[in-house]
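The values are calculated or read from the model by the stated rules, or taken from the named source; none is laboratory data. Values in this document were obtained by computation on a predicted structure and should not be read as measured data. Because the Cβ atoms are built from the backbone with ideal geometry, glycine has one as well, and the counts that use them run over all protein chains shown.
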């Protein structure tokens, strides 16, 4: 286990940071990417190293094929890739769709969906038994927004995550015979920077369990799907939403 690499995109904060910490505790070498928050990413690395783990942070825009290639080259330097978790994502400013800037729509789709496909492509090239790999696991972070639609706020974000749902199922069936499992986690309201105080309170009131989730609870679901405990699970989408 100690020789395998666990790559987390968007690992500097929120669910991604919680996944990175959990992966290190499970004995993986952790590579995390970040878009701009270098200080936050280095803080996660420092916490992992202080606990005796191995970690590295690399800046990468996952919508840029060249930067994605460089990110995976960094993973190659650390060892064989065992797990990819695509956690990075953006929403853009909230508004009804009619008021959204075309640049916002394109950027959200590029980062959230195209970026996930670019990362998955690089992971398959390394993990696939048809390409000399030892197999592995890919976990995408989707969202319960695909069920809600996020009207008047981020319908384009919900649409990008709907694409992730389709990608999860299609890729799972495409690479299942190559030793790669592909699954998704769909968090409901989670206590991250993406939620304002008002949204936290509203989400908790609507929840059957009367609270929102923690990044660690979402990370636990990711770690299950990435582990051998889920060896016969692929193409699944696990809702972590407190019943919503």
Exercise. Would you please name the residue that is nearest to the chain's Cα centre (by Cα), looking only at residues in the range 48-67 that are crowded, with 23+ Cβ neighbours inside 10 Å and closer than 20 Å to residue 111 by Cα?
Key: 62
Quiz item: Looking at the range 74-106, which of its residues are touching a helix residue (DSSP H, G or I) at 6+ places or on another chain (Cβ under 9 Å) and under 13 Å from residue 123 (Cα atoms)?
Solution: 75, 76, 80, 81, 82, 83, 84, 85, 86
Quiz item: From 175, 124, 182, 111, which residue is in contact with a helix residue (DSSP H, G or I) (Cβ under 9 Å, 6 or more places away or on another chain), buried (at least 17 other Cβ atoms within 10 Å of the Cβ) and not in a helix (DSSP H, G or I)?
Solution: 182
Quiz prompt | Candidates 13, 29, filtered to the one that is in contact with a helix residue (DSSP H, G or I) (Cβ under 6 Å, 6 or more places away or on another chain) and modelled with pLDDT under 95 | solution = 13
Quiz item: Could we say that residue 197 is farther than 26 Å from residue 22 by Cβ, surrounded by fewer than 19 Cβ atoms within 10 Å (Cβ to Cβ), without any contact (Cβ under 8 Å) to a residue 40 or more places away in the chain and out of contact with any helix residue (DSSP H, G or I) (no Cβ under 8 Å at 6 or more places or on another chain) here?
Solution: yes
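Going through 212, 190, 138 one at a time, which residue ends up being in contact (Cβ under 8 Å) with a residue 24 or more places away in the chain, over 20 Å from residue 8 (Cα atoms) and in contact with a helix residue (DSSP H, G or I) (Cβ under 7 Å, 6 or more places away or on another chain)? First the steps, then the outcome.
Numbers: 190 fails: over 20 Å from residue 8 (Cα atoms); 138 fails: over 20 Å from residue 8 (Cα atoms).
212 is the lone residue from the list that is in contact (Cβ under 8 Å) with a residue 24 or more places away in the chain, over 20 Å from residue 8 (Cα atoms) and in contact with a helix residue (DSSP H, G or I) (Cβ under 7 Å, 6 or more places away or on another chain).
Please work out if residue 132 is over 19 Å from the mean Cα position of the chain (by Cα) and under 26 Å from residue 5 (Cβ atoms). Lay out the reasoning, then the answer.
Numbers: over 19 Å from the mean Cα position of the chain (by Cα): yes; under 26 Å from residue 5 (Cβ atoms): yes.
Yes; evaluated as a whole, the condition is true for this residue.
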